[in-house]
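Peer 1: Structure in structure tokens, see below.
The values are calculated or read from the model by the stated rules, or taken from the named source; none is laboratory data. The shown structure was predicted, so the numbers you read here are calculated from the model rather than taken from an experiment. Don't worry about glycine lacking a Cβ; one is built from the backbone with ideal geometry, like all the others, and counts go over all protein chains shown. Each accessible area value is taken on the protein alone, full model and side chains, heavy atoms only, with ligands, DNA and RNA left out. Shrake-Rupley method; radii C 1.70, N 1.55, O 1.52, S 1.80 Å.
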Amino acid sequence: MAAHPKSHLWPFVPSGRIIDVVKAEGVWLHLADGTRILDAAGGAIAASIGHGRREVADAMADAVADTGYIVPTFLTPQRERLVERLTSNWLPKHLTRVHLSSGGSEAADAAIRLARMHHIAKGDDARWKIIGRTPSYHGATALTLAAGGHTARQKGFEPYAPDLPKVPAPYALRSPLGRHHADEDLRCAKALEDTILSEGPETVAAFMAESITGSSGGALQPGPRYWPEVQRICRAHGVLLIVDEVMTGFGRTGARFGSEHFDIKADIMFAGKGLTGGYAPLAGIYTTEDVVAPLAARGDSLMFYTYGGHPGACAAADKVLEIIEREALVERAATQGAKLQALLQERLGQHPHVAEIRGRGLLWGIELVADRETLEHFPSDAGITNAVVAHGLREGAFFYPGGTGEVRDVICLGPAFTVSDDELEMMADRLLSAINAATAHKAAA
Ligand SMILES: Cc1ncc(COP(=O)(O)O)c(C=O)c1O
């Protein structure tokens, strides 16, 4: 096959495939060759209000004209407006302090540093360990890879970061107690307490987890007793609870944050992606007065990132959140999500290679297997996930590849909340065709 004429430019590691997008509108990506792709994943599950909103672009342009680059420790009108909107309309009421970064990995990194600094400032220097979960993903820096449970992305980087303790994230379909066993939630919560005790509670700074596991697990939700028990355990052992809402935040699951579904009261929460609906690089670390007070008492500050809270990005976020409020898009994520669920069930519910369709709001994961009775995987070298994504692109739809290497063959959907009923139908049809094409003639491992 002839090389693409722009393959010397993009992507960084040549892959032979270039998706050359020249314009994006609503849930559609328009390509240089005149074709279009249905963006069933909101990019990396980030776009929420739909592409091409002029008023967001105008707000960003005004902000950059007024206050181009201002060091993150200074206040600007855009930062002030955004933090006011966040604390009055969006964040759980107990989270009153806001620190801004440029993306989710930076936010996760800052959340870990904040937890550690909090304990040091209180004279509790021994508390440094962050307990994470498998599967999970919190970012691609050395520290956030170490705190996460994503085998494929961690591979090779182990020497650069400490081997942080891990506990299982609830995964009902494949629970070692039995498929969809009712005690999977308690099993995983107990694993947390056992790990805190075996590590020594006096050495544990924080437990870090996504409220609903994003693409690493493919929209895995815990059973009802998980989060109450986890919160009790963290409190009992003086361990801070850090909740990652990067993928699940700002309406994606049909609530402002995934935490709302489970009544989670995090000590530190961080969320990006939907904060600007993909229009600008921005994420936030949100915490309590109690977490920050020991730092303030010592005159410590949390080191910023140069572009954290950039005025243009803050203006984009403020406008995107205003649009979500004005158009009731969180509620729309819930209603369109229910329609998507019904369509996926109808098209794929009985498919011989679909083990589970799971999710909430407009975050969905579809786990594919060679045999839906035994849950046997396809061989890993069959590359089913990538094949579905590639066939999807041929069908004119972009689906997001999920999984961690250990969790396999998971396809994620996360369209913008503005997606229409017809577009949802197209998404489900194109996904069925892509799955059929990718799994045809593939045998079990
Ligand atoms: C749950 C979760 N946390 C953290 C991150 C890292 O965010 P970013 O890619 O913006 O650095 C991601 C990215 O996909 C994510 O899904």
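Peer 1: Loop-only chymotrypsin sites (Phe, Trp or Tyr not before Pro) in the range 46-107, please: DSSP not H, G, I, E or B, and at most 14 other Cβ atoms within 10 Å.
Peer 2: Working: sites: TYR69, PHE74, TRP90; in loops: TYR69, PHE74.
Answer in residue order: TYR69, PHE74.
Peer 1: Also, quick follow-up: Calculate the FRET efficiency for THR335 and ASP290 from the Cβ-Cβ distance with a Förster distance of 45 Å, rounded to the nearest 0.05.
Peer 2: On the way: r = 37 Å, r/R0 = 0.82.
Working from the Cβ atoms, E equals 0.75.
Peer 1: With the chain treated as a Gaussian network of Cα nodes joined by springs under 10 Å, which of VAL22, VAL13, VAL330 yields the largest mean-square fluctuation?
Peer 2: Judging by the Gaussian network model, the answer is VAL13.
Peer 1: So, in nm, how far is label GLU346 from label LEU302 when the simple model puts each one 7 Å beyond its Cα toward the Cβ?
Peer 2: Going by the 7 Å Cα→Cβ label model, 4.5 nm.
Peer 1: Run the count for the range 54-327, please: Lys pairs, Cα-Cα under 22 angstrom, 8 or more apart or on different chains.
Peer 2: Lysine pairs meeting both conditions in the range 54-327 amount to 14.
Peer 1: Quick check on the range 54-327: take the gyration tensor over C-alpha atoms, sort the square-rooted eigenvalues as a ≥ b ≥ c, and tell me if it's rounded (a/c under 1.5), prolate or oblate.
Peer 2: Details: a/c = 1.85, a/b = 1.44, b/c = 1.29.
The shape class here is prolate.
Peer 1: Follow-up. Tell me which GluC sites (Glu not before Pro) from the range 291-360 have a DSSP coil assignment and no more than 14 other beta carbons within 10 Å of their own.
Peer 2: Of the GluC sites (Glu not before Pro), the ones in loops of the range 291-360 whose Cβ has at most 14 other Cβ atoms within 10 Å are GLU327.
Peer 1: With the full set of protein chains in place, find how many percent of the accessible area of the range 54-327 is carbon and sulfur; take the probe as 1.4 Å.
Peer 2: Within the range 54-327, the accessible surface is 55 percent carbon and sulfur.
Peer 1: Counting alpha carbon pairs within less than 8 Å and at least 6 residues apart, what relative contact order, in whole percent, applies to the range 262-373? Walk me through the numbers on the way to the answer.
Peer 2: Values: 103 pairs, mean separation 20.6, N = 112.
That works out to 18 percent.
Peer 1: Rank GLY272, GLY365, GLY405 by mean-square fluctuation in a GNM of the chain with C-alpha springs under 10 angstrom and give only the top-ranked residue.
Peer 2: Residue with maximal mean-square fluctuation among GLY272, GLY365, GLY405: GLY405.
Peer 1: Tell me which lysines have Cα within less than 26 Å of LYS6's Cα, excluding those fewer than 8 residues away on the same chain?
Peer 2: Qualifying lysines at Cα under 26 Å: LYS23.
Peer 1: Using Cα pairs under 8 angstrom and six or more residues apart, how large is the relative contact order of the range 54-327, in percent? Let's see the in-between values first.
Peer 2: On the way: 512 pairs, mean separation 82.3, N = 274.
Relative contact order, the range 54-327: 30 percent.
Peer 1: List the trypsin sites (Lys or Arg not before Pro) in the range 155-222 that DSSP assigns to loop (not H, G, I, E or B) and whose Cβ has at most 10 other Cβ atoms within 10 Å. Which are they?
Peer 2: LYS155
Peer 1: Give me the distance in nm between label points sitting 7 Å out from Cα along the Cα-to-Cβ direction at GLU376 and HIS4, one decimal.
Peer 2: 3.7 nm
Peer 1: Can you compute the label reach from PHE157? Point 7 Å from Cα along the Cβ direction, backbone N cut-off under 19 Å, restricted to the range 35-55.
Peer 2: 44-45
Peer 1: Among ALA293, ALA205, ALA255, which one moves the most in a GNM of the chain with springs linking Cα atoms closer than 10 Å?
Peer 2: Comparing ALA293, ALA205, ALA255 in a Gaussian network model of the chain, the most mobile one is ALA293.
Peer 1: Have a look at HIS94, ILE233, GLY223 and report the one farthest towards the positive end of the charge dipole of the range 54-327, computed about the Cα centre with Cβ charges (Lys/Arg +1, Asp/Glu -1).
Peer 2: Comparing the listed Cα positions along the dipole, GLY223 ranks first.
Peer 1: Mind jotting down the distance between the C-alpha centroids of the range 381-409 and the range 211-227, whole Å?
Peer 2: Using only Cα atoms to place each centre, the spacing works out to 21 Å.
Peer 1: For the chain, what is the accessible area per residue in Å² when the probe is 1.4 Å?
Peer 2: 42 Å²
Peer 1: While we're on this one: Working out 0.36 nm times the residue gap between GLU325 and LYS93, then minus their Cα-Cα distance, what length gain in nm do you get to one decimal?
Peer 2: Details: separation 232, 0.36 × 232 = 83.52 nm, distance 1.74 nm.
Extra length from GLU325 to LYS93 when fully extended: 81.8 nm.
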